[in-house]
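To keep things clear, I will list the structure first and then write my remarks on it.
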Amino acid sequence: MYDKVMETVNYLQNKVEYRPKVAIILGSGLGDLVDYIEERVEIDYEEIPNFPVSTVAGHAGKLVFGKIGGVEVLAMKGRFHFYEGYEMKQVTYPIYVMKQFGIEKLVVSNAAGGSNKDFEPGTLMLITDHINFFGTHPLIGRNDDRFGPRFPDMTNTYNKDLQELAKATAKEMGIEYREGVYLGTTGPSYETAAEVRAFTMLGADAIGMSTVPEATVANYLGMEILGISCITNMATGIAKESHSHEAVVEIAKRTGKNFCNWVAETVKRMS
Ligand code: HPA
């Protein structure tokens, strides 16, 4: 895998002059952040050697290089979900590439269901920690010590300093946010009401179908992580209505402006 990753990295290095240290993964409905990126260079995933091949027709997504307020960034518009049938190593492949490309800080975002009854749709949640409920782990298999240790520590996965930076930024900008624990499950169905009750007892504030694999690998690779969930709906049983992907994307888009302003300003202060 190391050689494959380096091949992808070489391709990207030849393609763009940017050498960002900050990357951003844009969750469902949060892709508008791309508009905040100046002097963009965009590369479709299809063009990138060794990137996972999309299982669905149409656009899998793209890498977007550019600058936010003078800070070079690399954004992933569209991610690879486990529920699409990708192996965990494919879901997290871009993270390995990022690391070898020189990325030191990763902002990871997602749309999620709120299991904390104090939340409401449209809440932005700073992720303080996560629970891996995928029933598997992205680092299973022979370990390559060039990437990271066999038994990575997860104490400071969601970096405390980055959390403080995001909080201070939100305060100054008058952006409301909450803090909480993100629980990641495979999907693709939304949870049952009983599952949501169980997950709440386990300590979940938000539930989603991504982020845990990427954050786990980014931490293993030694990257600092900032995680933000956009609560698009109350989780099953708390919500009065049933869920639809369309409604999830709609709410994410509506909350998107606050999300984009917050992330953009926080990234500017990361340099
Ligand atoms: N559950 C899981 N994933 C989600 C949800 C949810 O309620 N909303 C958005 N993504």
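Every read-out reported here was derived from the displayed coordinates using simple, explicitly stated rules and does not represent laboratory data. Because the structure is a prediction, the values reported are computed rather than measured. In this analysis, Cβ positions are derived from the backbone assuming ideal geometry, glycine residues included, and neighbour counts consider all displayed protein chains.
Suppose a student asked you for the relative contact order of the stretch 1-73, using Cα pairs under 8 Å spaced at least 6 residues apart; what percent would you report? Don't skip to the end; give the middle numbers.
Values: 73 pairs, mean separation 28.8, N = 73.
Value for the stretch 1-73: 39 percent.
Per-residue HN-Hα couplings for the stretch 241-253, Karplus 6.51 cos²θ - 1.76 cosθ + 1.60 at θ = phi - 60°, whole Hz, x for Gly and Pro?
9, 7, 8, 9, 4, 4, 5, 4, 5, 4, 5, 4, 5
In debye to the nearest 20, how big a dipole does the chain give about its Cα centre with +1 on each Lys and Arg Cβ and -1 on each Asp and Glu Cβ? Mind showing how you got there, number by number?
Details: 27 positive and 35 negative charges, 51 e Å.
In debye, rounded to 20, the chain gives about 240.
What's the FRET efficiency of Ala168 with Glu39 using the Cβ-Cβ distance as r and R₀ = 25 Å, to the nearest 0.05?
Working: r = 27 Å, r/R0 = 1.10.
That pair, Ala168 with Glu39, gives E of 0.35.
Using the alpha carbon gyration tensor of the chain, what are the three equivalent-ellipsoid semi-axes (square root of 5 times each eigenvalue), largest first, in whole Å? Don't jump to the answer; show the numbers that get you there.
On the way: eigenvalues 147, 92, 66 Å².
So the equivalent ellipsoid measures 27, 21, 18 Å along its semi-axes.
Report, in debye and to the nearest 20, how large the dipole of the stretch 48-184 comes out about its Cα centre when Lys and Arg carry +1 and Asp and Glu carry -1 on their Cβ. Walk me through the intermediate numbers first.
Details: 15 positive and 15 negative charges, 73 e Å.
With only Lys, Arg, Asp and Glu charged at Cβ, the dipole is about 360 debye.
Rounded, prolate or oblate: pick one for the stretch 75-152, where a ≥ b ≥ c are the square roots of the eigenvalues of its C-alpha gyration tensor, a/c under 1.5 means rounded, and failing that, prolate if a/b is larger than b/c, else oblate.
Values: a/c = 1.90, a/b = 1.66, b/c = 1.14.
Judged from the Cα gyration tensor, the stretch 75-152 comes out prolate (a/c at least 1.5, a/b above b/c).
For the stretch 5-156, give the share of DSSP beta bridges that are antiparallel, in percent and rounded to the nearest 5; count only bridges with both residues there. Walk me through the numbers on the way to the answer.
Working: 12 of 21 bridges.
For the stretch 5-156, the DSSP antiparallel bridge percentage is about 55.
Out of all DSSP beta bridges in the chain, what portion is antiparallel? Express it as a percent rounded to 5.
Details: 17 of 48 bridges.
Taking every DSSP beta bridge within the chain, about 35 percent pair in antiparallel fashion.
Answer rounded, prolate or oblate for the stretch 210-262, using the Cα gyration tensor with square roots of eigenvalues a ≥ b ≥ c: rounded when a/c is under 1.5, else prolate when a/b is larger than b/c, else oblate. List each step's numbers first, then the result.
Working: a/c = 3.17, a/b = 1.71, b/c = 1.85.
It is oblate, given that a/c is not under 1.5 and a/b is not larger than b/c.
Using Cα pairs closer than 8 Å and at least 6 residues apart in sequence, work out the relative contact order for the chain, in percent. Mind showing how you got there, number by number?
Details: 544 pairs, mean separation 73.3, N = 271.
Answer for the chain is 27 percent.
Rounded, prolate or oblate: which fits the stretch 1-74 when a ≥ b ≥ c are the square roots of the eigenvalues of the alpha-carbon gyration tensor, with rounded for a/c under 1.5 and prolate only if a/b beats b/c? Mind showing how you got there, number by number?
Details: a/c = 2.08, a/b = 1.17, b/c = 1.78.
Oblate.
Just to be sure I follow the rule: in the stretch 1-111, considering lysines 8 or more places apart or on different chains, how many pairs have Cα atoms under 12 Å apart? The partial results should precede the final answer.
Details: Lys21/Lys67; Lys21/Lys99; Lys21/Lys105; Lys62/Lys77.
Here the count comes out as 4.
Arrange Arg146, Arg178, Arg269 by Cβ neighbour counts within 10 Å, fewest through most, would you? If you can, show how the numbers build up before the last one.
Numbers: Arg146 9, Arg178 17, Arg269 13.
Arranged by neighbour count, lowest to highest, Arg146, Arg178, Arg269 become Arg146, Arg269, Arg178.
Which ³J(HN,Hα) values in Hz, rounded to whole numbers, follow from the phi angles of the stretch 3-19 under the Karplus curve 6.51 cos²θ - 1.76 cosθ + 1.60, where θ = phi - 60° and Gly and Pro get x?
5, 4, 4, 5, 5, 5, 4, 4, 4, 5, 5, 6, 7, 10, 8, 5, 10
Identify, among Val108, Ile225, Ser210, the residue whose Cα sits farthest towards the positive end of the charge dipole of the chain, taking +1 on the Cβ of Lys and Arg and -1 on the Cβ of Asp and Glu, with the dipole about the Cα centre.
Ile225
Take the Cα atoms of the stretch 73-208, build their convex hull, and give its volume per residue in Å³. Working shown, then result.
On the way: hull volume 18.9 nm³, N = 136.
Hull volume normalised by residue count: 139 Å³.
Within 10 Å of each candidate Cβ there may be at most 12 other Cβ atoms; applying that plus a DSSP loop requirement, which GluC sites (Glu not before Pro) in the stretch 149-250 survive? Before the final figure, lay out each step's value.
Values: sites: Glu164, Glu172, Glu176, Glu179, Glu191, Glu195, Glu214, Glu224, Glu241, Glu246, Glu250; in loops: Glu176, Glu191, Glu241.
Counting only loop positions with at most 12 other Cβ atoms within 10 Å, the GluC sites (Glu not before Pro) in the stretch 149-250 are Glu176, Glu241.
For His130, His243, what ranking results if the residue with the fewest other Cβ atoms within 10 Å of its Cβ goes first? Display every interim value, and only then the final one.
Details: His130 22, His243 17.
Ordered by Cβ neighbours within 10 Å, fewest first: His243, His130.
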